[in-house]
């Protein structure tokens, strides 16, 4: 279980809370609290008091000094609420239908988030990565996760999106509906989800390690360079063929896997340039080119000690020049 990051202890005179758990462990908003009711903090599980006076806005307060913050308490409430409603949906076999714009094929898909889910955990650390809600299939493989995070780290995103998993993020201040799981999930951002079109293309490489391996393979033999235009194949966009393999390489993935500096050339044309060191001591120059509506990638290996400065000739500034034309110049000159 993840250690909760602690803030400086504060007193109840400095802070107030809008949620607590009742004796049954259910989240109760302050406007549904009753005077004299038994409530506990969803984070530290210490007793809380429903302060329903006439002078101040109604709120919960801890009976004792605490270091719980409103943000961490709200996250714990969201997590508990999700767990209760996911458990109910699984027991009743109620579908939880998500709809999202696919980042791979740019089409709209829908699917039951709980289809194939055999169990779930709450407040779980998996291989060093924390999930508020983790979903597992019948073979006990991680199927999906819900993270209550406003921003993910690259390591979190890489881990939870591997293998066609569902990954949803909810803001800390998401609004809870008493009975509607879909209402809160509509506030979530779908970071990753299975693409039905990609499911029919199992040979497409899209994981960072696989992409890096193919890029190195592409320059390991004569002539020491490779390039290709990004295409749409069978409805899936941003595919490029290098070294005989098909890679899924939208610009966002290139930035994450390869990186590089952005270099505007003329309006509508830009080149992202990155350099890596080759295992033989030479340099690799990697390019992601956008030219109006076209995109292409290229890579070239230079032997140790070789000096290189990327250059373009006048043809690159012609309005009919494509990204593939530009990247060809960059890697073959």
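The values are calculated or read from the model by the stated rules, or taken from the named source; none is laboratory data. Owing to the predicted nature of the structure, the values given are computational and were not obtained by experimental measurement. Reconstructed Cβ throughout: ideal geometry from the backbone, glycine too, with neighbour counts over all protein chains shown.
A few notes on this one:
- Which listed residue, of 235, 259, is under 26 Å from the mean Cα position of the chain (by Cα), more than 28 Å from residue 318 (Cα to Cα) and not assigned by TED's automatic domain parsing to the domain that holds residue 165: 235
- Meets criteria (surrounded by fewer than 16 Cβ atoms within 10 Å (Cβ to Cβ) and either within 27 Å of residue 221 (Cβ to Cβ) or in contact with a helix residue (DSSP H, G or I) (Cβ under 7 Å, 6 or more places away or on another chain) (or both)) for residue 268: no
- Residue check for residue 85: outside the structural domain of residue 181 (by TED's automatic domain parsing) and under 35 Å from the mean Cα position of the chain (by Cα): no
- Taking the stretch 240-266 as the range and being assigned to a helix (DSSP H, G or I) and farther than 16 Å from residue 209 by Cβ as the test, the residues that pass are 251, 252, 255.
- Within the stretch 210-229, not a single residue is crowded, with 18+ Cβ neighbours inside 10 Å, within 20 Å of residue 100 (Cα to Cα) and in contact with a strand residue (DSSP E or B) (Cβ under 9 Å, 6 or more places away or on another chain).
- Scan of the stretch 241-265 for residues that are farther than 26 Å from residue 162 by Cα, surrounded by 13 or more Cβ atoms within 10 Å (Cβ to Cβ) and at pLDDT 90 or above, ordered by number: 263
- Count of the stretch 79-101 residues which are surrounded by 17 or more Cβ atoms within 10 Å (Cβ to Cβ) and assigned to a strand (DSSP E or B): 2
- Any hit, the stretch 229-244, residues being within 19 Å of residue 159 (Cα to Cα) and in contact (Cβ under 8 Å) with a residue 60 or more places away in the chain: no
- Candidates are the residues of the stretch 106-149 that are within 17 Å of the chain's Cα centre (by Cα) and under 30 Å from residue 231 (Cβ atoms); the one that is modelled with the lowest pLDDT is 106.
- If you filter the stretch 102-158 down to residues that are in contact (Cβ under 8 Å) with a residue 60 or more places away in the chain and part of a strand (DSSP E or B), you find that the one that is surrounded by the fewest Cβ atoms within 10 Å (Cβ to Cβ) is 125.
- Across the stretch 182-197, the qualifying residues are those that are in contact with a strand residue (DSSP E or B) (Cβ under 6 Å, 6 or more places away or on another chain) and outside any loop (DSSP other than H, G, I, E, B), and the one among them that is surrounded by the fewest Cβ atoms within 10 Å (Cβ to Cβ) is 189.
- Hits in the stretch 29-57 - residues which are at positive phi and either modelled with pLDDT of 90 or more or part of a strand (DSSP E or B) (or both): 45
- Condition met for residue 76 (surrounded by 15 or more Cβ atoms within 10 Å (Cβ to Cβ), at pLDDT 90 or above, part of a strand (DSSP E or B) and touching a strand residue (DSSP E or B) at 6+ places or on another chain (Cβ under 9 Å)): no
- Residues of the stretch 159-181 that are more than 21 Å from residue 256 (Cβ to Cβ) and not in a loop (DSSP other than H, G, I, E, B): 181 alone.
- Condition met for residue 64 (touching a helix residue (DSSP H, G or I) at 6+ places or on another chain (Cβ under 8 Å), modelled with pLDDT under 90, surrounded by fewer than 15 Cβ atoms within 10 Å (Cβ to Cβ) and not in a helix (DSSP H, G or I)): no
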